[in-house]
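*Asks:* Take this structure first; my questions come after.
No lab work stands behind these numbers, since they all come straight from the coordinates. This is a predicted model, so every value here is computed, not measured. Glycine also receives a Cβ, built like all others from the backbone with ideal geometry; neighbour counts cover every protein chain displayed.
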Amino acid sequence: MLSKAYILHTRPFRENSIIADCLVDQEIGRVSLFIRKGKKSQHQALCQPFQPLILEVTGHGDMKYANRLEAHSERFSLQGKHLFCALYMNELICRIWPKDFASERLFPLYESALQHLKQVDKSAIEPVLRQFEIALLDELGLGIDFQSANHGDYEVKSHNWYRFVPGEGFFLSYHRLRCFPGDALLQIAQLNFSETHVRLAAKQIMRLAFQPFIGDEPLKSRTFFQTRT
Amino acid sequence: MKLTPLVTELIEALKCLPGVGPKSAQRMAFHLLEHDRYAGEKLGIVLQKAMEQVQHCQQCRTFSETDLCAICESPKRESDSLCIVESPADVVAIEQTGQFQGRYFVLLGRLSPLDGVGPADLGLDKLEAQLQLGQVKEVILATNPTVEGEATAHYIAELCEKHKIQATRIAHGVPVGGELEYVDGTTLTHALSGRTSILYS
């Protein structure tokens, strides 16, 4: 059966093959696939990230192969910050999404994030990433409830401040140190990132939420954004 | 047949070369031992000397036996244009064209988050120090046309912008002797958007 797929990352395997970390549609999710390298430049261009592909997954267990590899449509031509963000998405998936963990929603989520990245200008990149991160956590079963605190005991109020504990959620706080304003949380719940302080809070909350999965080795793609500092 | 420990070790050692598996390594080892002992000894001596003496040029990071490589030391090379490449092999390829008279900077890799390579691993602090000197007027980004190569080019272009230096990217196009039918869509798109007029003189 043919499936749509994206290559997230490749590494060489022997002289004429690669092992590609792929995201495949139709409940397959993230898998490692052996791909035999073709000699034509056309094949090398296909085996690049952000190229929509059609392929057939064969084999069982750890030895899965990609056959009948073809381009599905034109490659997402991303430049500059947009490209860095797309690479960040790839790194995030590879670091936190378990291999062979089937998912119906992961592929469309990734594809729509790429489509949005292609369309938006530099200033609107952040909301695309935050929406992707929030949806990714939801899909992993670790969704954050931005509208209630203290394990659902309280509703989040816009004038209060809240502390975020990864895996547990928000807790009402009587100080502001390392806490987030309630109005920002309510706007994040509505996926409204128009205000600067909401974008900043969302970024910090997402970093905290992913921290337990990422561990001590920070995401390399984050360092790409530091040239102007 | 059980091989002697030294022959086994030689075969194992030869397997470190790219494209050399157990069969090829055994063939190479037997060839040297059976037919060409002199070449084998010479290979061993040269290999050891090269591993000890070949370092990286302190300015451009390509392979060099001295502090500065021949290109960096040459007064004939233009110091206002700097070509950024991923590997020493790319320097050789560009030098063979004879079209570039400037200097190089070799990254020895490309930005690849999933391989654990970030800006700090590519010697970009050295590059930035060179850009700060103010001699370089144009940086030619000749990283490979892969997603990682593009990301690297964009990252360095931002550094250049910070130092008000012009950054240019090498063109993408159809290979000579190639057939349009077999060229990938992305290359064709680049080739079409970068088309040039034919001038009749």
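*Asks:* Build a GNM of chain A with springs between Cα atoms under 10 Å: which of A:123, A:194, A:103 gets the top mean-square fluctuation?
*Replies:* The residue that fluctuates most here is A:123.
*Asks:* Using the structure shown, list the pairs from A:64/B:23; B:76/B:126; A:220/B:76; A:37/A:203 with a Cα-Cα distance above 29 Å, or answer none.
*Replies:* Pairs exceeding 29 Å: A:220/B:76; A:37/A:203.
*Asks:* Return the distance in nm (one decimal) between the two label points of a simple spin-label model at residue A:119 and residue A:140, each offset 7 Å from Cα along Cα→Cβ.
*Replies:* With each label placed 7 Å out from Cα toward Cβ, I get 2.7 nm.
*Asks:* Looking at the range A:133-215, which chymotrypsin sites (Phe, Trp or Tyr not before Pro) are in a loop (DSSP not H, G, I, E or B) and have at most 15 other Cβ atoms within 10 Å?
*Replies:* Taking the range A:133-215 and a limit of 15 other Cβ atoms within 10 Å, the loop chymotrypsin sites (Phe, Trp or Tyr not before Pro) found are A:174.
*Asks:* Sorting B:23, B:76, A:157 on the 10 Å Cβ count, fewest up front, what's the list?
*Replies:* Ranked by crowding around the Cβ, least crowded first: B:76, B:23, A:157.
*Asks:* For a quick check of your reading of the filter: which chymotrypsin sites (Phe, Trp or Tyr not before Pro) in the range B:121-201 sit in a DSSP loop and have no more than 14 other Cβ atoms within 10 Å? Could the numbers behind the result be given before it?
*Replies:* On the way: sites: B:155, B:182, B:200; in loops: B:200.
Filter output for the range B:121-201: B:200.
*Asks:* I'd like the per residue volume of the convex hull spanned by the Cα atoms of the protein assembly as shown, given in cubic angstrom.
*Replies:* 231
*Asks:* Within 10 Å of each candidate Cβ there may be at most 13 other Cβ atoms; applying that plus a DSSP loop requirement, which GluC sites (Glu not before Pro) in the range A:55-154 survive?
*Replies:* A:74, A:104
*Asks:* List the relative contact order of the range A:61-146 as a percent without decimals, with contacts defined as Cα pairs under 8 Å and 6+ residues apart.
*Replies:* 32 percent.
*Asks:* Which net charge results for the neighbourhood of residue A:218, defined as the other residues with beta-carbon distances under 12 angstrom from its beta-carbon, given Lys and Arg at +1 and Asp and Glu at -1?
*Replies:* That works out to +1.
*Asks:* What is the fewest-to-most order of B:190, A:159, B:154 by other Cβ atoms lying within 10 Å of their Cβ?
*Replies:* Neighbour counts put them in this order, fewest first: A:159, B:190, B:154.
*Asks:* For chain B, set up a GNM with springs between Cα atoms under 10 Å and report which of B:185, B:109, B:149 has the largest fluctuation.
*Replies:* Ranking B:185, B:109, B:149 by mean-square fluctuation puts B:185 first.
*Asks:* With springs only between Cα atoms under 10 Å apart, run a GNM on chain B and tell me which of B:175, B:75, B:88 wobbles the most.
*Replies:* Maximum among the listed residues: B:175.
*Asks:* Something else: Compute the helix-to-body angle for A:80-96: its Cα long axis versus the longest principal axis of chain A, expressed 0 to 90° and rounded to tens.
*Replies:* 90
*Asks:* Alpha carbon centre of the range B:125-168 versus the range A:164-198: separation in Å?
*Replies:* With the range B:125-168 and the range A:164-198 each reduced to a Cα centre, they are spaced 39 Å.
*Asks:* If one takes the longest principal axis of the Cα atoms in chain A, at what angle in degrees, from 0 to 90 and to the nearest 10, does the Cα axis of helix A:125-139 lie?
*Replies:* Between helix and principal axis, roughly 90 degrees.
*Asks:* For the residues B:160, A:179, what sequence is obtained by ranking on other C-beta atoms within 10 Å, fewest first?
*Replies:* Values: B:160 21, A:179 18.
Going from least to most buried by this count: A:179, B:160.
*Asks:* Next up: In a shell of Cβ-Cβ distance under 15 Å around residue B:166, excluding residue B:166 itself, what net charge do Lys and Arg (+1) and Asp and Glu (-1) give? Present the calculation step by step, with values, prior to reporting the outcome.
*Replies:* On the way: positive: B:137, B:162, B:164, B:169; negative: B:78, B:80, B:138, B:158, B:161.
Neighbourhood net charge equals -1.
*Asks:* Just check the range B:38-124 against the gyration tensor rule for me: Cα atoms, a ≥ b ≥ c as the square roots of the eigenvalues, rounded for a/c under 1.5, and otherwise prolate or oblate depending on whether a/b exceeds b/c.
*Replies:* oblate
*Asks:* Further, regarding this structure: Run the numbers on the range B:20-111 and let me know its relative contact order in percent, using alpha-carbon pairs under 8 Å that are six or more apart. Please report the intermediate quantities before stating the final value.
*Replies:* Values: 91 pairs, mean separation 20.0, N = 92.
It rounds to 22 percent for the range B:20-111.
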